[in-house]
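Report on the structure given below.
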Amino acid sequence: MKNPRAQSLLTAPSFLWMLVLFAWPAAHLFLMAFKPADVNGGVGEGWTLDAWRVFAEQGYWAVIWRTVWITLVTTTLCIAIALPVAWRICRATPKWQPWLMLLVVLPFWTSFLVRVYAWRVLLAASGPMASILKSLGLMSEDAMLLYNLPAVVLVMVYMELPMAVLPIYAAMEKFDPALLDAAHDLGATRWQSFFKIVLPSIKRGIIAAALLVGIPSLGMYVVPEMIGGVDGEMLGSKIGQRLFSDRNLPQAAALASALALLSMPAVLMAVRKKDEG
């Protein structure tokens, strides 16, 4: 039997790491949301609910809904694309699997900001994509590919897709292909085999992919700022405005706390599914 004291000593460093660098900053952020704003851009003394009244301002609930909608669409598209990609990598020969995985993780070798700026150049009014669409008659001369919701979703899917492929691939790698042969022998079609055998077997990988894509998408700041403009503004953009432009730390903390609360249902559902599994 393993020594409980030894286990506690081994987990103590990671527990302290999470306590000091995650739990305490998160609690401090939440408490700051109940403080008054200082005229110099700091935090005043006492307690108040003034920072939370930001949600009564016009347009904020539209931004929250847009944030949730973009996150759901991005997560769904990433998982839908990652499933066939991960399946194809798993079915490839051992010689080609490392190369295919390299293509998946290759974007991580470039700075996040550089990749977003590259998409900004591609989608610009005088960029290559707009020029091709205009030459084919698929886009009017005054139309724009930037500063709209589809552009934000497109770039976010590109940015987050590897985080969906990796956990789904890890789950598919453990799947036994003989189960598919057995299902085909029993009369199941390819689609029936995929939805009734493959998907339930990789359920944990799909949940992990949804969390790895969904939670960062909720707090996305760079993509909406550089690609979306006013029409693609998300809650992360509002936090940045309150933090850098208005220098209202309590309101920024209130918005950040609301963002954390938005992600909690997904995390709790994932933990519940893990316990049930």
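The values are calculated or read from the model by the stated rules, or taken from the named source; none is laboratory data. It should be emphasised that the depicted structure is a prediction, and the values quoted were computed from it without experimental measurement. Methodologically, a virtual Cβ is constructed for each residue, glycine included, from the backbone with ideal geometry; neighbour enumeration extends over all protein chains shown.
Remarks
- Verdict on Thr11 being surrounded by 10 or more Cβ atoms within 10 Å (Cβ to Cβ) and either touching a strand residue (DSSP E or B) at 6+ places or on another chain (Cβ under 8 Å) or not in a helix (DSSP H, G or I) (or both): no
- Enumeration of residues in the range 129-150 that are in contact with a Leu (Cβ under 6 Å, 6 or more places away or on another chain) and not in a loop (DSSP other than H, G, I, E, B): Met129, Ala130
- Some residue of the range 32-46 being at pLDDT below 90, out of contact with any Asp or Glu (no Cβ under 6 Å at 6 or more places or on another chain) and charged (D, E, K, R): yes
- Single residue of Ala170, Ala124, Ala164 found to be surrounded by 15 or more Cβ atoms within 10 Å (Cβ to Cβ), in a helix (DSSP H, G or I) and free of Cβ contacts under 8 Å to residues at least 40 places away in the same chain: Ala170
- Residue in the range 259-277 that is out of contact with any Asp or Glu (no Cβ under 6 Å at 6 or more places or on another chain) and either under 30 Å from Val121 (Cβ atoms) or surrounded by 19 or more Cβ atoms within 10 Å (Cβ to Cβ) (or both) present: yes
- Flag for Met264 being over 22 Å from Pro25 (Cβ atoms), among the aliphatic types (A, V, I, L, M) and part of a helix (DSSP H, G or I): no
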